[in-house]
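First up is the structure itself, then whatever we jot down about it.
The values are calculated or read from the model by the stated rules, or taken from the named source; none is laboratory data. Please read these numbers as outputs of a predicted model, since none were measured by experiment. Here Cβ is always computed from backbone atoms with ideal geometry, including for glycine, and neighbour counts include all displayed protein chains.
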Amino acid sequence: MSFSVNREGIHAMGGTRVLVGTRKGAFILTSDEERATWEVDGPLFPGWEIYHLKASPIDPDRIYLSQTSGWFGQVIQRSDDGGKSWEAVGNDFSYDGVPGEHQWYDGTLRPWAFTRVWHLEPSLHDAETVYAGVEDAALFKSTDGGLHWAELSGLRQHETGPQWQPGAGGMCLHTILEHPTDPGLLYVAISAAGAFRTSDGGLTWQPINKGLRSGEIPDQDSEVGHCVHNLDLHPSRPDVLYMQKHWDVMRSKDAGETWQEVSGNLPTDFGFAITVHAHEPETVYVVPITSDSLHFPPDGKLRVYRSRTGGDDWEALTQGLPQENCYVNVLRDAMAIDQHPSCGVYFGTSGGQVYASRDSGDSWAAIVRDLPAVLSVEVQTLR
Amino acid sequence: MSYTVRVVLPAHLRALAKVHGDVSVEVAGVVTQRTVLDALETDFPVLVGTIRDRTTAQRRAFVRFFACAEDLSHEGPDTPLPEQVASGHEPFLVVGAMAGG
């Protein structure tokens, strides 16, 4: 912690910690509130795929990390000192009961099989509670800091479960959003099943996909089968959800009951990540990607698009970003914001760059340029 | 009867278990893949699930078991390992399958 002196006296300055998961390890990038200079620490767990790491919003020193490998399986690491030291915690993600079957790529049925943890979501409401979204799609919960995990099996056992099918990246539960004041209300998203909501802490679930249109499935009104890539919300308006779908940027004003397309003037509405501004609930960021077969920005120009109106009207943010010969991708968990007064926006690329904006996206600079391919970016605002 | 078996882990699992070099485990009774791995996982619980599936006990697909210059990966888990392993003269190797290109 550093300190500054101003006319009001001595004030503790906030810090900024960016948690980066990559194909070959994790990195922790630290700065002060100015976010002008950065220290890069890592790789942590070199050689392992770090799908996600995220800190508790209650205890900023507690960070959870998903460490995974095609050779050696799944490990969950936990730090209680802000990433200085780590201990492996529980990695038993056994499905509840007989797992059953889901659709495979070729339309045959295939048994549910655990592969890895895609996303860890430390609870807003309890420092010991953390959720894990896994492949094959299921939601797990730990109430002892990650030592033990129990599946919230009402989701996987939903009557539509046998109809769920994998997207190209696998059948993964990749997004977990908690309601800011109601611990029993959760939203999750699964590729390629869709979005789901529970209001009873995970016992029962409802698909919330009305209004989504997906050309990849024959029935446009299907309850499931939609490839939702990412969801976000602003805590001041928790019934307003934003979605980056395989194609289409969508918004719901009624907690997912219905969705409206807000792609507006985006150059392409394919993409992976979507993020809401820290202080402006109608300011939303996406990174348009050319198409499902061309996972790079249109025209070789890396552009973040910002809407200040909750979608439909989008402006390109380009200052400081490469505007020629850029063919990287930005994955669903690889964009995040900080909570400083001038909201910082961050994203990582498949080319190993982590870009940061200190001014809500008006200008950008690379914090670091040559990391392994970035899988996830999360940001802590330290007070 | 108890045997001291030397186990060589791949680098990633040595880092995970926070050990350097070979690991020695005590095995009571017959020395087999199963009893060696049981002993290893008892001493290093962090390795549970990383070498074999925690539910089925099947060897993970990209893990191999070598000893005495032989690939023992497809031997049964309860087949006795070579005498040289049980006597501690030769190690039991856990190997990550070659990959890359």
Residues located in region B:86-101, provided they are within 14 Å of chain A (Cβ to nearest Cβ), aliphatic (A, V, I, L, M) and either over 15 Å from B:Ser24 (Cβ atoms) or over 12 Å from the mean Cα position of the chain (by Cα) (or both): B:Val95, B:Ala97, B:Met98, B:Ala99
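Does B:Met1 satisfy being away from chain A (no Cβ under 14 Å), more than 30 Å from A:Pro99 (Cβ to Cβ) and either more than 10 Å from the chain's Cα centre (by Cα) or modelled with pLDDT of 95 or more (or both)?
Details: away from chain A (no Cβ under 14 Å): yes; more than 30 Å from A:Pro99 (Cβ to Cβ): yes; either more than 10 Å from the chain's Cα centre (by Cα) or modelled with pLDDT of 95 or more (or both): yes.
The answer is yes for B:Met1.
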Within region A:173-187, considering residues that are touching a Lys or Arg at 6+ places or on another chain (Cβ under 8 Å) and crowded, with 21+ Cβ neighbours inside 10 Å, the one farthest from A:Leu124 (Cα to Cα): A:His174
Pair list, Cβ under 9 Å, 6 or more apart: region B:9-35 residue within 14 Å of another protein chain (Cβ to nearest Cβ) and under 13 Å from B:Val94 (Cα atoms), other residue part of a loop (DSSP other than H, G, I, E, B) and acidic (Asp, Glu): B:Leu9/B:Asp22
Qualifying residues in region A:328-365 (those that are small (Gly, Ala, Ser) and over 20 Å from the mean Cα position of the chain (by Cα)) - the one farthest from A:Gly169 (Cα to Cα): A:Ser342
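Please return the ranges of helices (runs of 4 or more DSSP H) entirely within chain B where 2 or more residues are of a type in the set (Val, Ile, Thr) and buried (at least 16 other Cβ atoms within 10 Å of the Cβ).
Values: elements: B:11-17, B:33-43, B:83-86.
Where helices (runs of 4 or more DSSP H) fall fully within chain B and carry at least 2 residues being of a type in the set (Val, Ile, Thr) and buried (at least 16 other Cβ atoms within 10 Å of the Cβ), they are B:33-43.
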Matching entry among B:Glu83, B:Glu41 (being within 10 Å of the chain's Cα centre (by Cα) and either within 14 Å of another protein chain (Cβ to nearest Cβ) or free of Cβ contacts under 8 Å to residues at least 12 places away in the same chain (or both)): B:Glu41
Lone unmet requirement of (1) within 14 Å of chain A (Cβ to nearest Cβ); (2) over 30 Å from A:Val98 (Cα atoms); (3) in contact with a strand residue (DSSP E or B) (Cβ under 8 Å, 6 or more places away or on another chain); (4) of a type in the set (Val, Ile, Thr) for B:Thr50: (2)
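Give region A:130-152 a look and list any residue that's outside any strand (DSSP E or B) and surrounded by fewer than 19 Cβ atoms within 10 Å (Cβ to Cβ), or say none.
The answer is A:Thr143, A:Asp144, A:Leu147, A:His148.
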Some residue of region A:88-100 being at pLDDT 95 or above, more than 14 Å from every other protein chain (Cβ to nearest Cβ) and surrounded by 19 or more Cβ atoms within 10 Å (Cβ to Cβ): no
Positions within region B:53-80 being touching a Ser or Thr at 6+ places or on another chain (Cβ under 9 Å), within 14 Å of another protein chain (Cβ to nearest Cβ) and not basic (Lys, Arg), in sequence order: B:Thr55, B:Phe62, B:Val63, B:Phe65
Flag for A:Gly70 being out of contact with any strand residue (DSSP E or B) (no Cβ under 6 Å at 6 or more places or on another chain) and either within 13 Å of A:Val377 (Cα to Cα) or small (Gly, Ala, Ser) (or both): yes
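Quick grid of which residues meet (1) away from chain B (no Cβ under 11 Å); (2) among the β-branched types (Val, Ile, Thr):
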position: A:Glu49; (1), (2): yes, no
position: A:Ile63; (1), (2): yes, yes
position: A:Ser66; (1), (2): yes, no
position: A:Gln77; (1), (2): no, no
position: A:Tyr105; (1), (2): yes, no
position: A:Trp112; (1), (2): yes, no
